[in-house]
Each structure stands twice: as structure tokens, then as C-alpha cells.
1. Could you identify which residue out of A:115, A:285, A:103 has the top mean-square fluctuation in a GNM of chain A using Cα springs shorter than 10 Å?
2. Show that you can apply the helix-only estimate: for chain A, add -39,500 (n - 2.57) for every DSSP H stretch of four or more residues, divide by all residues, and state [θ] at 222 nm to the nearest 500.
3. What does the helix-only formula give at 222 nm for chain B: each DSSP H stretch with n ≥ 4 adding -39500 (n - 2.57), the total divided by the residues, and the result rounded to the nearest 500 deg cm²/dmol?
4. Which whole number in µm²/s is D for region A:58-166 by Stokes-Einstein, with the Kirkwood Rh taken over Cα pairs at 25 °C and 0.890 mPa s?
5. Using alpha-carbon pairs under 8 Å, 6+ residues apart, how would you state the relative contact order of region B:3-258 in percent?
6. How large is the direction-averaged shadow of the alpha-carbon convex hull of region B:3-258, in nm²?
7. For the protein assembly as shown, give me the percentage of DSSP beta bridges that are antiparallel, rounded to the nearest 5 percent.
8. When only C-alpha pairs under 8 Å and at least 6 residues apart count, what is the relative contact order of chain A, in percent?
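Nothing in this text is a laboratory measurement; each read-out follows from the coordinates by a stated rule. In this text the structure is predicted, and so the values were computed from the model without any measurement. With ideal geometry, Cβ positions are generated from the backbone for all residues, glycine too; neighbour counts draw on all protein chains shown.
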Ligand SMILES: Nc1ncnc2c1ncn2[C@@H]1O[C@H](COP(=O)(O)OP(=O)(O)O)[C@@H](O)[C@H]1O
Ligand SMILES: [Mg+2]
């Protein structure tokens, strides 16, 4: 049984549970990405450090589509950083080829190349003797932008990362909190609107609350800019939350699985990946499915006053069901009107359905 | 920066800015140093007024002679320090950049020998094998005060957070741009501290220049000893000390003013 047609609503009604009334709360949400990203291709890339006999990265190949947000996830020391830093040649590959939009990066001037690749590292590395505005202006200056254009860009970017230009442009990095500094780090990397961004555990040093906030903001930002992003993390949950596709890496940067978060959660390729997912795979999957994408019950089935918005996830729904003990909970649309209801059965059916269908294209 | 300006700045900073506010500019030491210098010089002057000046003393305890020797002394000090800055900072950059241990070792060894050799021995040896006079004294001074600047340049560059230089490289700065725009500005406080040390060294060691006929306030000290005229000796010694204190004071102000903001 296949379930990969575009109009999943209709096919579900036919092939799924005909006894149940089916309500899709919204019409299709357009997910056509607005991308300014580049295509990146790594082919048989190897890196052997100095005199070491064991390579840090061995025969790494990967194709990244324009506008994709790719997560490299794996334990510390597995070679994530090394792999990522070969793309802007902060680390020179020992062998293999890397192309960005078809151009071989190894044949380009490394400094020129880097001016067109945004770079964010965990330690942020803001220049302490420069103001926030000066920090963000570095690449535009290197590219010879006019003062006027640079200044406007600085203000624009500070607003994008939710820092008030009037307050922050003239400050020094030390005068900012960790989360604010990290935002400046992202703004600085975006300064010249590069098609590619490399991010090495960019939110790794922030506390969990700030981190989650930064992740949400970052996702929203990526939706509008559509860069091609390689994002390194050792936190699988972060990878699930942010990534279009996740590469689960083991020693020597070996790709154990490279797929969408939903597919990896549903069908881990091997024990290594499964152990990396850890407990609660089902819950993690539920968090990825918004209510508007799920098969729900009639609005009239809803009990009690508790309700959720259709943009909340199935996991939020489950949470509320467990918390209230109600059999069914109302789901509201953007205007706040209850348009559907959700039950525990419907939630688990959604998981089972997904697993049974095994459609690889569900999220793409 | 005036006193008022500093006060005003202190009041106007927002709480979030407190982290970056520099250490206080007008410390007790900073205010006291010039006062002490003036008082000591004044005391010296008044004391000399009370003395009976014989003809031997009169040859040195007069304004023309003292000004001439002081000028020679300052010339030696500043020219030597300028040469040290011009030579030792680049040497420090090379020594910290090179992957050749031999080169780094050689630079450091030479600088160490320069400082470890007693200044008086070095200057006299140099005079014997080369010539007496100003140039020889200058070379001896440079050799002697080279190490602090060299070492501080190396330390200043090495203590920069590697993530700062990595992100500079990652943004596409050339190695030269990273050095000029990021590393050197961040190393400025440490390098200046080295220059300050070497300036003060120079003031002291320049007294030895008199032995090879290169002038300076050492003349007064040596004359005072030779001719057993202690007021002359004391005047020379006090003047040298006051100059050293004054230069250290000025250098400490320069350090504060030239330190990059935000650091
Ligand atoms: N500069 C280096 N010199 C030598 N070995 C290195 C260097 N950087 C990383 N390595 C080694 O390469 C391997 C991969 O490191 P890295 O890419 O930093 O892993 P990750 O980012 O996944 O933690 C590790 O075994 C590490 O010790
Ligand atoms: Mg790493």
C-alpha cells in the first residue's frame, strides 16, 4: 500500500479508516522553499591529520541540495567538525573533491571562497575590540561595499536576529549576554548574504532555554532565507528539531544513515543509529507532526474547555490529553474556532500509519 | 581625557556596560607619582641652594650642564626605545609565526644574551672592538632592552583566543589582514607593557654611556664619585630616578589610552 500522492488527505480517507470522519483543518500549507542556497557536493573526501595513521574523515561523499539544512550528528571526535571545515578549507582535505555550485573549492582562492561562505563556530569568536556593528561589517568591508550599504545591512541584520540596532550596534561583544553574542555571530555570518552557511555547534554553549529560543528563531529565519546550511551538533534532538536531513556519523565520519528526521526516527538503519536516537523515538516523531497534517476527529467530539492550535504538534496534543485525562480535545484554527478534535487513538494511528506506509517522501 | 570627562563617563554607563569599563584611570598611584616627582625635585633644588658651591661643583651644578646631560640622556633613551620597537616587534611576530624552531630559538637566544650580559661589560667591550660614542651606546641599549618587547610581542600574540583568529580566517581575511586588524590590536596592551619596561630599563642603563664618552646623566654620577662631590652625585642619581618615574608614569597613561576599547 502506498501513500505518497500529494493529496494525502484524500487517499487516507480511501485507504485508511473509512468509518471515521476525516477533517483536515487547513488546506495544503505551501512549503515551496525560497532558496538562495548553493548546491554542495563532497566526493570521496579524506582527511589524515599530520603523521596520524588513521584518517579523521574517510571516503566521505554527500550531495546537498540548494536550500537544504543538513545536520551532521555524531559523538564527539567522530569527525563532524573536520568534515565541515573542509568545505571552506579551514582544514585542507588530504584527497577527494568538494564543489559548491559546480565549482571546485580546492581550485579557488581560499580567502575569496570564505567571503562567500558564512561561518559560525561554537566559541562564536566575535572580535572583542570591535563594536557589534564593526563585527558584522567585516565581510562587507572585505568585499568593498560602500559605507552606506554596509550600515544599512548591519541595521537590517540586527533586526533579523532580534537585537535592536540602536541599542546594540555600538556595543562591544563583552557587553552582551551569551545568547546575544551568538545572535551576532549568526548575523555576522549572514552579512554578505552568502549562499552557504557552515555552523559548528552554534548554540552549544548556551543554556537550554536560550538554546531552544535560538533554535526556534533560527528555523524561522531559515524559512525566509533558504540558505544551504551544514549544521554540526552532537545533540540528536537538536538535529531532529532543525534538520531537513540528518547525517548520523560514526568514527572517521562514516555516514550510518542520511535521511529526513522522520524517516530516521521511524526506521533507524542499524543499531548504531537506534542507540543514537535513544529512548522515546515515538515521542520525538510526534513532535515533528503538526496537527494540521494529522487525521483528526469531528469538532463536536471535543470535550472540556482545553484546546490546541492546529499548528501545535501531536506531541503537544498527547501531552494535553494525558494532563487533562479527557478522551478528546478540541483543535482550533487560526481564528480560534474549534474545527476538529484529537484523541489518543488518532495519535497512535498516525504513528502506525506512517510506519506502515513507509513513504520516504512524506516530509520532503 | 580630563578628570571631569572620566567622572561623567562613569555616571553615564548603563549597568550592562559595567563589564567593559576599564580599570579606574585615576588611581592613587597615578595621581601621586607626578606630585612625588615635583616634591623631590623641589627638595633637591632647595637643598642645593643651602650648600656652598665650590668651583668644581659649579662646573656641573649649573642649568646649562644639567640640561645638556638630561637631553643626551633622553635622546639615548628614546632613540634606543624607538629602535627596539621597530626591531623587536617584527622580530616577535616572526618568532611567533615561524614553524622553524631553529629560527625562533636563535631570536630568543640572542635577545636573552643581550639582556643577561652586564650592561657595563657589554658597552665597554663594544667600545673596544668598535668605537666609543653615541652610536655604540645606542646599540648597547637596544641589545639590553630588546627582550621585554620581543617576549611581550610573542606573549601578546599567543594569548589571543584561537577562536577569534579562526573566525577571522573563516570570514576570508588574508593572514596579513588577520595580523593587522585582529591580532596586533588585541596584543597592543601586552606589547605596550613590554615597551614600558624597556623604556625604564633604558633610562637606567643609559647612565653607563658616560664610560664610553656618550654623555648622559651618568656623567654627573661618575664625576660626583671621582671628585668626591656628593651633591653632584646625588643630583645625578635623583634626576635619573625622577626621569625613570616620569617616563613610567607617561607610559602607563599611554597604555590606558591606547588599549583597544572593548578589551
Ligand atoms: N588539528 C588536529 N590535529 C590532529 N588531530 C585532530 C585535529 N583536529 C581533530 N583531530 C582529530 O580528528 C578526529 C575528529 O575530530 P573532530 O572533527 O574535531 O570531531 P568532532 O567535531 O566530531 O568532535 C578526532 O579524533 C580528533 O582528535
Ligand atoms: Mg566538533
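1. A:103
2. Per the formula, -10500 deg cm²/dmol.
3. -25000 deg cm²/dmol
4. Translational D for this selection: 149 µm²/s.
5. After rounding, I find 25 percent.
6. 18.0
7. Values: 24 of 46 bridges.
The antiparallel proportion sits near 50 percent.
8. Details: 661 pairs, mean separation 74.8, N = 364.
Result for chain A is 21 percent.
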